[in-house]
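I have placed the structure first, in the form of structure tokens, so that the comments after it can refer back to it.
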Amino acid sequence: MHTNEYPVHFAYRITMNTTAALSEETLREQLRRVQAASRTIATLTDKQIASVLESLADRIAAETPTLLAANADDLARMSNDNPKYDRLQLTESRLAAIAHDIRNVAALPSPLGKTLEERTLPNGLHLKKISVPMGVVGIIYEARPNVTFDVFALCLKAGSACVLKGGSDAHASNTAIVRLLHRTMAEHGIDTNAVYLLPAEREATEVLFGAVGLVDVIIPRGSQSLIDTVRMNSKVPVIETGAGIVHTYVDQSAKIAMAQNIIVNAKTRRVSVCNALDTLLVHRARLQDVPAMLKPLANSNVLLYADAESYRTLCDHYPRTLLEHAQDEHFGTEFLDYKMSVKIVGSVDEALDHIARYSSKHSEAIVAEDESVLERFLSSVDAACVYANASTAFTDGAQFGLGAEIGISTQKLHARGPMGLAEITSYKWQVRGTGQTRTS
């Protein structure tokens, strides 16, 4: 089971550190600077923003050795068999991919100033609903230093400032990245207060939770425990993102070769991401096909937690060292590892009931040829992204053509699914009149 450094209710158990570095007033004063800087960010032209992002992409290549050295310090403090290790690790190729994504964001159309709705009322008032910056966006995330780059690029493009609270596991990496961001911003004459990395200590998180009027929204990215902690303790509005307890259901009408490819891709492409497969549900009519469907997973040493029926079918066809009897806790678990649970169901209804019980409402998939079953699944499953005959690995802002994402929203207010530029803006109404007054 995935662990994280933010146990539920931790904020109520800590005592505020009164040293100068972590005093509440010191941190709140810095947040006031961020808020002031957000107003200057909102006035930047799209050309100015693109220039900053292009410069940043260039600097990533030049500063790769420095960034990797800082990341190595973080990695040295974590065991490489920790599920978070892969998320924490930066490499030359990953930094190159980050730079490429930043250039993609720079090239995207601005999400600001768009007319979302417009009309003239019978009394002559002209109403226009336009997209505007969110203001100050707070992000709380675990051992994923790439998020620091993603959040900066997206928030800048969307005209907002950002407050970052990364996990202590990645503090050296995040500190090096923010220094790079600040140098790039200063080079372009932009107030560096628009990006603020909170201290690694947990006390700083409590200040962020209480920053009403200074921070407009907090977005947690990480495990369900982290998300629960933020939702339960924050006084600032929260958009929930990140936790993925992902299922794929293989119907009796499925093509087994297709199912095999989808399962392998969804489980093993990258196990530490939130769209990775956690639980496979298989219609009982295809029970004898389970060994063939799952055989390739053994090549990646995927440990299977199989229910009684699937265990009996797999025990002579799958490595015994990689096969265990499923317990209750193996369903509803986000593994973030080379592990997967397997359950046999008697119908699509049973599959839907299981998903409704255990899903985190992130990404769910079905493999089937029966069009009525596909439609039933697509319309019935309550999740941000629901797939028919495709891998859940596609739940990603870049894959959806959004350029990048600030997270995968699993709630229903404001935004749902990959949160690209449009999803991290707000709107306001502009009302033009000719002297109208209201009489009733």
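The values are calculated or read from the model by the stated rules, or taken from the named source; none is laboratory data. Nothing here was measured: the structure is a model prediction, and the numbers come from that model. FYI the Cβ positions are ideal-geometry reconstructions off the backbone, even for glycines, and counts take in every protein chain you see.
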- Item | Members of the stretch 181-191 found to be touching a residue at least 24 places away in the same chain (Cβ under 8 Å) and surrounded by fewer than 20 Cβ atoms within 10 Å (Cβ to Cβ), listed by number | R183, E187, H188, D191
- Task: Restricting attention to the stretch 294-327, report how many residues are hydroxyl-bearing (S, T, Y), closer than 20 Å to I256 by Cβ and either touching a Gly at 6+ places or on another chain (Cβ under 7 Å) or crowded, with 17+ Cβ neighbours inside 10 Å (or both).
- Result: 4
- Message: Just the residues that are surrounded by fewer than 23 Cβ atoms within 10 Å (Cβ to Cβ) and within 30 Å of the chain's Cα centre (by Cα), please, taken from the stretch 278-293.
- Response: none
- Query: So, of the residues in the stretch 147-197 that are within 18 Å of the chain's Cα centre (by Cα) and of a type in the set (G, A, S), which turns out to be modelled with the lowest pLDDT?
  - Reply: G167
- Query: Are any residues in the stretch 269-297 out of contact with any strand residue (DSSP E or B) (no Cβ under 9 Å at 6 or more places or on another chain) and either part of a helix (DSSP H, G or I) or among the basic types (K, R) (or both), and if so, which ones?
  - Reply: R269, R270, A285, Q288, P291, A292, K295, P296
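Considering only residues of the stretch 376-390 that are out of contact with any His (no Cβ under 8 Å at 6 or more places or on another chain) and buried (at least 22 other Cβ atoms within 10 Å of the Cβ), which is nearest to N82 (Cα to Cα)?
First pass over the stretch 376-390, keeping only residues out of contact with any His (no Cβ under 8 Å at 6 or more places or on another chain): 376-382, 386-390.
Right, trim to buried (at least 22 other Cβ atoms within 10 Å of the Cβ) and you get 377, 381, 387.
Numbers: F377: 35, V381: 32, Y387: 30 Å.
Selected residue: Y387.
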- In the stretch 206-234, anything in a loop (DSSP other than H, G, I, E, B) and either modelled with pLDDT of 95 or more or among the aromatic types (F, W, Y) (or both) is listed as G210, A211, G213, L214, D216, S234
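Condition check ((1) closer than 29 Å to E324 by Cβ; (2) part of a helix (DSSP H, G or I); (3) in the same structural domain as A161 (by TED's automatic domain parsing)) across all residues:
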residue	(1), (2), (3)
K361	yes, no, no
Y387	yes, no, no
G403	no, no, no
K412	no, no, no
A415	no, no, no
S426	no, no, yes
Q436	no, no, no
T439	no, no, no
- Whichever residue in the stretch 319-359 is within 23 Å of the chain's Cα centre (by Cα) and in a helix (DSSP H, G or I) and, among such residues, is farthest from I239 (Cα to Cα): H330
- Task: Evaluate the stretch 153-168: report whether one residue or more is polar (S, T, N, Q), in contact (Cβ under 8 Å) with a residue 12 or more places away in the chain, surrounded by 23 or more Cβ atoms within 10 Å (Cβ to Cβ) and part of a helix (DSSP H, G or I).
- Result: no
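Out of everything in the stretch 254-264 that is of a type in the set (A, V, I, L, M, F, W, C) and in a helix (DSSP H, G or I), what residue ends up being surrounded by the fewest Cβ atoms within 10 Å (Cβ to Cβ)?
Residues of the stretch 254-264 of a type in the set (A, V, I, L, M, F, W, C): 254, 256-259, 262-264.
Of the ones still in play, those that are also in a helix (DSSP H, G or I) are 256-259, 262-264.
Working: I256: 14, A257: 10, M258: 16, A259: 25, I262: 25, I263: 25, V264: 20.
Looking at the filtered set, the residue picked out is A257.
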- Item | Out of D74, D101, sole residue that is under 22 Å from the mean Cα position of the chain (by Cα) and either outside any helix (DSSP H, G or I) or farther than 26 Å from I41 by Cα (or both) | D74
- Query: Can you name every residue in the stretch 341-375 that is farther than 20 Å from E329 by Cβ, surrounded by fewer than 17 Cβ atoms within 10 Å (Cβ to Cβ) and either modelled with pLDDT under 95 or not acidic (D, E) (or both)?
  - Reply: G346, S347, S372
- Message: Could you tell me how many of the residues in the stretch 253-280 are under 12 Å from F394 (Cα atoms) and in contact with a Gly (Cβ under 9 Å, 6 or more places away or on another chain)?
- Response: 4
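Each row is one residue, and each column tells you yes or no for (1) crowded, with 24+ Cβ neighbours inside 10 Å; (2) modelled with pLDDT of 95 or more; (3) under 28 Å from the mean Cα position of the chain (by Cα).
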{"site": "V236", "(1), (2), (3)": "no, yes, yes"}
{"site": "G244", "(1), (2), (3)": "yes, no, yes"}
{"site": "Q252", "(1), (2), (3)": "no, yes, no"}
{"site": "V271", "(1), (2), (3)": "no, no, yes"}
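Rundown of residues vs (1) assigned to a loop (DSSP other than H, G, I, E, B); (2) buried (at least 16 other Cβ atoms within 10 Å of the Cβ); (3) at pLDDT 95 or above, yes/no style:
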| position | (1), (2), (3) |
| --- | --- |
| A20 | yes, no, no |
| L31 | no, yes, yes |
| L44 | yes, yes, yes |
| L90 | yes, yes, yes |
